[in-house]
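Working notes, structure below.
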Amino acid sequence: MIRHARHSIDIAAFYVADKPGHALAPVLDALVERARAGVAVRLLVEKSFMKDTGPSTARLQGVPNLTIEILPTGQLTGGVLHAKYMIVDATQVFVGSQNWDWRALEEIHEIGAEITDARFARSFEAAFEELWTLGADPDLPKAQKRSVLPPDFAPVTSADPVVLDRAGDDPLVAFPAFSPPPMVPAWLTSEEPALIEMIHAARHTVRIQVMTLSAIHSYGPKGFWPGLDTAFRDAAARGVSVEIIVADWALHEPMQSYLKSLAVFPGITVKFSSIPQAPSGFIPYARVEHCKYAVADDDSVYVGTGNWEWSYFATTVDASVFVHGKGPAATLTRIFERDWTSPNVTRISAGTTYTPPRTQ
């Protein structure tokens, strides 16, 4: 995508963590090459992670046509810029769980989606422009007033999705969704209600793979978040088989206890994944199930950037794509089933206490 860019590359990234000789280095090299060729490159990063991003982006500083903006999300909502997406030439979008981190490309299980459609990309661009403006002028009340202004194009939303492929009897229908509502144009789709609706619409199966999942707040004010929790239990009570894989990083308390409460609910099965350490030895913040996706009824999928906790929908900047179509669902189901039956996955039992792994 980067090497084929002709006009613009816009990137929203949580942070950048490069290591010489590893997989991210050629990606950054490609950005520099395109910028020097006249492509306008904009990189938006989270302020609170500049300790990682600063050294890794030093070689990007001063490159003609390459601009780095820092978003102080904490002072705006109390969250972080957690999204990971890229828009190329206002026609292509890549969105997924991958951070701009060499480990994400080598040592972590990730899932992403590439969408080629000008109207879809323009909708992502609208969300990006709002964040870019906030980076330059971090005034949330002003942004919220701006967010209700009508768009100058027909945005792709859950109510007006785009048809990506009309071939055969299985057209692909898609729309993007974003979080948190205070930092998104009001006419775009918010993630939480779209995700809840996808689960509510399921009639047979819901398969979920995400790093962490809890209705108990891990960040921000203490409390209980009923949205997705109610959707899971309601689906299971209707006879839908709900299968969930989380990372072993989710085994800390109170998340472990919450996951056990799901695991004892009839119709819900919860497992955790433990990826073996690299042959070279322990790597901090690696060897983890970091993907964030869901499949419902073998014909609807969600691929996103946020974990399934309250803060990722309420205070943190994230993004996702929803696609209705059997092809993408079949691909993600194969990935899910491979992990579901893997010897590295353990079913959670309410009577067992699990020890979280070392992460750093």
For segment 86-120, which residues satisfy the criterion of being among the aliphatic types (A, V, I, L, M), closer than 24 Å to residue 57 by Cβ and surrounded by 18 or more Cβ atoms within 10 Å (Cβ to Cβ)?
-> 86, 87, 88, 93, 95, 104, 108
Within segment 292-300, is there a residue that is touching a residue at least 40 places away in the same chain (Cβ under 8 Å), surrounded by fewer than 22 Cβ atoms within 10 Å (Cβ to Cβ), of a type in the set (Phe, Trp, Tyr) and within 27 Å of residue 203 (Cβ to Cβ)?
-> no
Assuming residue 227 fulfils every condition listed in (1) modelled with pLDDT of 95 or more; (2) outside any helix (DSSP H, G or I); (3) surrounded by fewer than 18 Cβ atoms within 10 Å (Cβ to Cβ) apart from one, which condition is it?
-> (2)
Identify, by number, the condition in (1) closer than 30 Å to residue 335 by Cβ; (2) touching a residue at least 12 places away in the same chain (Cβ under 8 Å); (3) touching a strand residue (DSSP E or B) at 6+ places or on another chain (Cβ under 9 Å) that residue 170 doesn't meet.
-> (3)
Extreme residue, nearest to residue 240 (Cα to Cα), among residues of segment 267-287 that are without any contact (Cβ under 8 Å) to a residue 40 or more places away in the chain and surrounded by 12 or more Cβ atoms within 10 Å (Cβ to Cβ) = 267
Qualifying residues in segment 239-256 (those that are in contact with a Lys or Arg (Cβ under 8 Å, 6 or more places away or on another chain) and either of a type outside the set (A, V, I, L, M, F, W, C) or not in a strand (DSSP E or B) (or both)) - the one farthest from residue 295 (Cα to Cα) | 240
In the list 359, 346, which residue meets the criterion of being β-branched (Val, Ile, Thr), part of a strand (DSSP E or B) and surrounded by fewer than 21 Cβ atoms within 10 Å (Cβ to Cβ)?
-> 346
Contacts under 7 angstrom Cβ, first residue in segment 200-217 being outside any strand (DSSP E or B), partner among the β-branched types (Val, Ile, Thr), 6 or more apart | 202/240; 203/240; 204/240; 210/246; 211/246; 211/288; 212/246
Return the pairs, sorted by first residue and then second, in which the second residue is part of a strand (DSSP E or B) and of a type in the set (Val, Ile, Thr), the first residue lies in segment 65-92 and is at positive phi, the beta carbons are less than 7 Å apart, and the residues are 6+ apart or on different chains.
-> 65/41
Report yes if residue 270 is under 25 Å from residue 158 (Cα atoms), aliphatic (A, V, I, L, M) and at pLDDT 95 or above, otherwise no.
-> no
Being touching a residue at least 12 places away in the same chain (Cβ under 8 Å), in a strand (DSSP E or B) and either in contact with a strand residue (DSSP E or B) (Cβ under 8 Å, 6 or more places away or on another chain) or polar (S, T, N, Q) (or both) narrows it down to one of 313, 322, 336, so name that one.
-> 322
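Among 125, 114, 192, which is the only one that is over 25 Å from residue 74 (Cα atoms) and either part of a strand (DSSP E or B) or touching a residue at least 12 places away in the same chain (Cβ under 8 Å) (or both)?
114
The values are calculated or read from the model by the stated rules, or taken from the named source; none is laboratory data. Just so it is clear, the model here is predicted, and its values are computed rather than measured. Cβ sites come from the backbone with ideal geometry, for glycine too, and all protein chains shown count toward neighbours.
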